[in-house]
Amino acid sequence: MKKLWKTLLVLGVAFSLVACSGNKTETSEKKETETETTEKTETPETPETPEAPDTNGTASSGDTIKIGALQDITGKTATLGKMIQAGAQYAIDEINAAGGVNGKKLELITRDTTGDVTEAINAFTLLATQDGVSAIIGPPVANIGLAIAPLSEQYNVPILGFAIDTAVLQNKDGVTYKNMFLFQPSDDQQGAIMAKYAINELNSKKIGAIYRSDNAYSLGLVDGFKSYLSESGSDAKIVQEVQFTATDTDFSTMLMKLMNAGADVIYAPNYTQELITIAQQARAVGYTGPIIMGLDAAPPFASLAGAASNNVIYINNITESEPKVAEIMEKYKAETGADATNKFFLGYDVVNILADTITEVGEDSVAIRDAVEKLTGYEGLTGIISINPENHQPQGLEMYIHEIKDGQSVMIKQYSAE
Amino acid sequence: MAIQLLLNGLAVGSVYALIATGFALIFSILKFSNFSHGALMTLSAFVGYFVSAGTGWSLIPVLIVSMLVGGLIGLFGEFVAFRRITKRNSATFYYFVSSITLGTFYESIVTIIVGAGYFVYPMFFSKPAIWIGNFVIQTSSVVMLGISAIVLIILVFVLQKTKMGRALRAVSYDRDTAYLMGIDVFKTISIAFFISGALGALAGVFLGIYNYTLTAQLGNLVVKGFIASVIGGLGSISGAVFGAVLLGLLETILIFFIGSGYAPVATFLIMILFLFIRPQGIAGKSVQEKA
Amino acid sequence: MQFYLSVLTLTLITIIGVAGVYVLTSLAGMFSLGQAAFMAIGAYASGILVVKLNWPFLPAAILAVLISVIIGFFVGLPTVKLRRDYISLVTLGFGEALTAILNQMTGLTGGAAGFSGFPKVISFPIVLVAAIICVILVAFFKKSKYGRQCIALKGDELAAKAMGINVPKVKMIAFLFSVALVSLSGVLYAFYVTYVDPTLFGWKLSGEWVIMNFFGGVSSLTGSILSAIILTALPEMLRFLSDFRMVFYAVVVLLVLNFKPAGLLGTWELTPKNVKKLFQKKKEGTHASSGK
């Protein structure tokens, strides 16, 4: 037995040495093809051409048009990624049932990031090289987006993503990454929308903020909120802020600190699970005022947090009062038994945008990229989307502000950051 | 405010104490750090969740069932991961690898069953908080503090006064001699794992109730138990309790005054400080590394 | 191809980390749950030097490893005289503290949003050369005076002390050597991937490295490297298994622990002499069986 192991090992090492030397030659080949591609970028190229030896079998020259989904299917943020994937698949099924695009069917190829940066890079490389996709539906998590953004420059596949941190779209010198796009309001815009509401509608003067200091999403929304407050010239200000981290259990001490500072509104831009705890503990320690939350307090938050969710105000990409949204929700529920959340509709809209674009310019990924950059006035379920070609963000995209009353979400107003 | 902080700190500290004692018990008997303890907590907390969501029972029966299951998970862990290692008298190294792997195993099972989502823990109390004059304390804190105190007192009594407790202490002191004295060593070790598992389950369910939600990441909180155990002295039960309460109080005070961001830095520095000035821990029982 | 190259490069970076843990765990018998934190120090320190202070890569990398070693010295100081359990708990606390610092010092580290903007100076050939050098260094260390003293104190600390080995000093040397290798792997990772964030360097990663070491063989460097390859590259090829691969991984390690306690290769090393012996024995074996 022991001997078997060792023999296997020796063979393995011998094999890997051969493989390594093989790899090296392939590396140099690789470099040549890379330089070729960079030279050729002026003339539109399909992404799979430079990878021709590898992608012969999967190239989209077949009878389907491939769209990649780089999503968190497992890991901490899987609930978000799975919803986007489900929405995208739903849209693709609809389109294919109606005959597809340009006579071809759409096909969704999902690669799991597992919520881990290293895995995400491998998954992205697979999509961009071997899978031969025309475009990629990007992840909703900033850290993953930040990791793949510099890498995306070396391929010619556009990534239509949802990570609201604008650093995903621009590098340190403020140059926009050519392939990265955002398809929901950025954190600056979302923070501004919430701040605007606090000042204009709630007439708040003293705001208390509670947020997670080890979470980029939370921090981005706080920054957006703060910069709107300081630019608006209003006398409302953040009187007290408290930060928590992943391993904190006791929010009551922090919430009391906000109450002691006389906060009339609490701003809590955090993940749903944390929001449930915060809402519960806030009500338990006697805070009855309004709590402003981000997208994460959208359904099913109200049903999960129970009575504590009353007087919670949140923003959403969609509103259930829109008949088409309600119809899809109902149908999806009937089909799968699961509830479609706002992330579902982000995925849904992006696939439809892609389908429209492909109808117009064909399935070439560079042509798609150029067309997406010029997108204006697309009427989706998540609002009227126009992409700003300068920064690749949606411009003036409105969000729906909801308030939870007696456990029910009520749409109050549509707001954009401008 | 000071009294308010004290109450919150004690409540948090009492849960840390449950984690730390479960950890210390195994350390005292087999002389290794059981890194699977966190994942055991998660697993048992989910058992508690499914039991109460499925049956609608009240708190006490849910706790009892969870503790029993937690104990059984402890027994299972001992059997699959540590029994043979102990029989071989292997080096601590093996326990370390074994416990980390066992933890990974439990954790991935939880992930497969429940996925990455979160679960809303059932609420056992009709009133979420109790007001005493100007002070407010969450009902869950009061219950946590009370039940933890009772359980820990029972544990100390069992260890000090019963035959089983004496056997446990004998095995932890010197396994071979205990064996020669006619103690069934493996039965005793099993008992220790059962108790440790039950304590971990109790801590897990409490954390679920206190947080109102439950995820597969709950087990990460075990770090607090480890740190408390170092402050209190590795392997000392009473030290673990003191260390945990101290840690709970310190954290609450730190969160209030400097915020939670740097709290791990502060606890690390305190841990290092203790190692420098009092390496044997608060309890002062120094465990020698045996040859 | 790009994909396989990327997996291979990341595997080689892991091998450097695992070689570092090998020195600490397999040779000196200490287990750290904070080695990943030193990987973080390597990545962030070199990143800050290059991106924020415009240092050239090489001196920045060297200084980053040096900084890790200095910090490692202070972390190791209170623990080397104590039971070996303390080092795992203290390094665990250190890892938590470091994550908090990386999250808080937003101006310098980018906080929770991570540190981006690393120039991509690292490519596969550089990593390959670095990995080979590191493995050779570790192999030499194992044969050196300190390496043998490490093995002695791993087996029996009291006896080692009685033999006149300066136990705390040897422990410290092993710890710092390990820190240097691990932080180098952090530097390489950062400048290959061009992005790091604090969540990458948790104690789970450190624990995984220890398991890899064990899985390959209790004190076999060959085994450790081999298992690093198997356990990093294989899951990558088996992406479709997703959640189940961790269960699989754990069950295999538990089986090995219970039934093959020396790990896959025990103490066997891949040296020309051993390979020769292996094939000779094999020949004899086949002769014997054919003779029957």
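Shown in residue order for region C:126-132 are the 3J(HN,Hα) couplings computed by the Karplus curve 6.51 cos²θ - 1.76 cosθ + 1.60 at θ = phi - 60°: 4, 4, 4, 4, 4, 5, 5 Hz (x for Gly and Pro). Ranking A:Asn122, A:Leu219, A:Leu160 by Cα position along the charge dipole of chain A, where only Lys, Arg, Asp and Glu carry charges on their C-beta atoms, puts A:Leu219 farthest toward the positive end. Averaging the sequence gap over all C-alpha pairs within less than 8 Å and six or more residues apart, then dividing by the number of residues, gives region B:146-271 a relative contact order of 11 percent.
Dividing the summed -39500 (n - 2.57) terms of all DSSP H runs of n ≥ 4 by the residue count of chain B sets its mean residue ellipticity at 222 nm at -24500 deg cm²/dmol. Compute the angle between helix C:145-155 and the longest alpha-carbon principal axis of chain C, please, reported from 0 to 90 degrees and rounded to the nearest 10. Here the helix axis deviates by roughly 70 degrees.
Estimated from the Cβ-Cβ distance and a Förster radius of 60 angstrom, the FRET efficiency linking B:Ile60 and C:Lys273 is about 0.35. A Stokes-Einstein calculation at 20 °C with viscosity 1.002 mPa s, built on the Kirkwood radius of the protein assembly as shown over Cα pairs, returns a diffusion coefficient of 72 µm²/s. A:Thr277 sits among other residues whose Cβ lies under 13 Å from its own Cβ, and their net charge, with Lys and Arg +1 and Asp and Glu -1, is -2. Between C:Leu5 and A:Lys205, the simple label model (points 7 Å from Cα in the Cβ direction) yields a spacing of 6.4 nm. Only Cα pairs under 8 Å and 6+ residues apart enter the sum, and on that basis the relative contact order of chain B stands at 37 percent. Here each label is just a point 7 Å from Cα along the line to Cβ, and for C:Asp156 and B:Tyr173 those points are 2.6 nm apart. So how far, in whole Å, is the C-alpha centre of region B:195-223 from the one of region B:255-276? Taking the Cα centre of each part, region B:195-223 and region B:255-276 sit 22 Å apart. Could you compute the FRET efficiency for A:Ala98 and A:Gln154, with r as their C-beta to C-beta distance and R0 at 51 Å, rounded to 0.05? FRET efficiency, A:Ala98 to A:Gln154: 0.90. Take the Kirkwood radius over Cα pairs of region B:44-99, plug it into Stokes-Einstein at 4 °C and 1.567 mPa s, and you get 101 µm²/s for translational diffusion. For chain B, the longest principal axis of the alpha carbon atoms and the long axis of helix B:163-173 meet at an angle near 70°. Taking amide H positions as modeled 1.01 Å from N, with prolines and chain starts lacking one, the residues under 5 Å from B:Ile130 and 5 or more places away or on another chain are B:Ile137, B:Gln138, B:Thr139. Please list, by residue number, everything in region C:187-217 whose backbone N is under 15 Å from a paramagnetic label point 7 Å out along Cα→Cβ of B:Ala91. C:210-211, C:213-217, by backbone N distance to the label point. Run the helix sum for chain C: -39,500 (n - 2.57) per DSSP H stretch of 4+ residues, divided by residue count, reported at 222 nm to the nearest 500 deg cm²/dmol. About -24000 deg cm²/dmol.
Centre-to-centre separation between the Cα atoms of region C:37-55 and those of region B:104-162: 42 Å.
Taken over region B:2-222, the percentage of Cα pairs per 10 Å bin, counting from 0 up to the bin with the maximum distance, is 8, 33, 33, 19, 6, 1, 0.
The order of C:Trp203, B:Trp131, C:Trp209, C:Trp55, going from fewest to most other C-beta atoms within 10 Å of their C-beta, is B:Trp131, C:Trp55, C:Trp203, C:Trp209. Quantify how much of the Cα-Cα distance distribution of chain A extends past 41 Å, in percent. Tail of P(r) above 41 Å: 22 percent of Cα pairs.
Considering only the Cα atoms of chain C, their convex hull presents on average a projected area of 18.2 nm².
Here C:Ser88, B:Ser238, B:Ser99, A:Ser321 are placed in order of increasing Cβ neighbour count within 10 Å, fewest first, which gives A:Ser321, B:Ser238, B:Ser99, C:Ser88. Secondary-structure-derived ellipticity at 222 nm for chain A, considering helices only, amounts to -14000 deg cm²/dmol, per-run term -39500 (n - 2.57) for DSSP H runs with n ≥ 4. Between A:Glu379 and C:Ser123, the FRET efficiency estimated from the beta carbon spacing at R0 = 41 angstrom works out to 0.35.
As a proxy for reagent exposure, A:Ile385, B:Ile132 were ordered by neighbouring Cβ count within 10 angstrom, fewest first; the result is B:Ile132, A:Ile385. Across region A:385-411, the residues whose backbone nitrogen lies under 14 Å from the label position 7 Å along the beta-carbon direction of A:Ala326 are A:409-411. A crude spin-label estimate for the pair A:Asp223 and A:Asn391, with each label 7 Å from Cα along the Cβ direction, gives 1.1 nm.
Where nothing but the Cβ of Lys and Arg (+1) and of Asp and Glu (-1) is charged, how large is the charge dipole of region B:2-222 around its Cα centre, in debye to the nearest 20? Provide the component values of the computation, followed by the final result.
Values: 12 positive and 5 negative charges, 103 e Å.
Rounded to the nearest 20 debye, it is 500 debye.
Scanning residues 5 or more positions from A:Glu322 or on other chains, none has an amide H under 5 Å from its amide H, with H placed 1.01 Å from N in the peptide plane. Annotation: amide H of A:Ile412 within the under-5 Å range of A:Ile401, A:His402, A:Glu403, sequence separation 5 or more or interchain, hydrogens built in the peptide plane.
Where a number appears in this text, it was derived from the coordinates with a stated rule and is not lab data. Note that the structure is predicted; figures quoted are calculated from it, not measured. Glycine also receives a Cβ, built like all others from the backbone with ideal geometry; neighbour counts cover every protein chain displayed.
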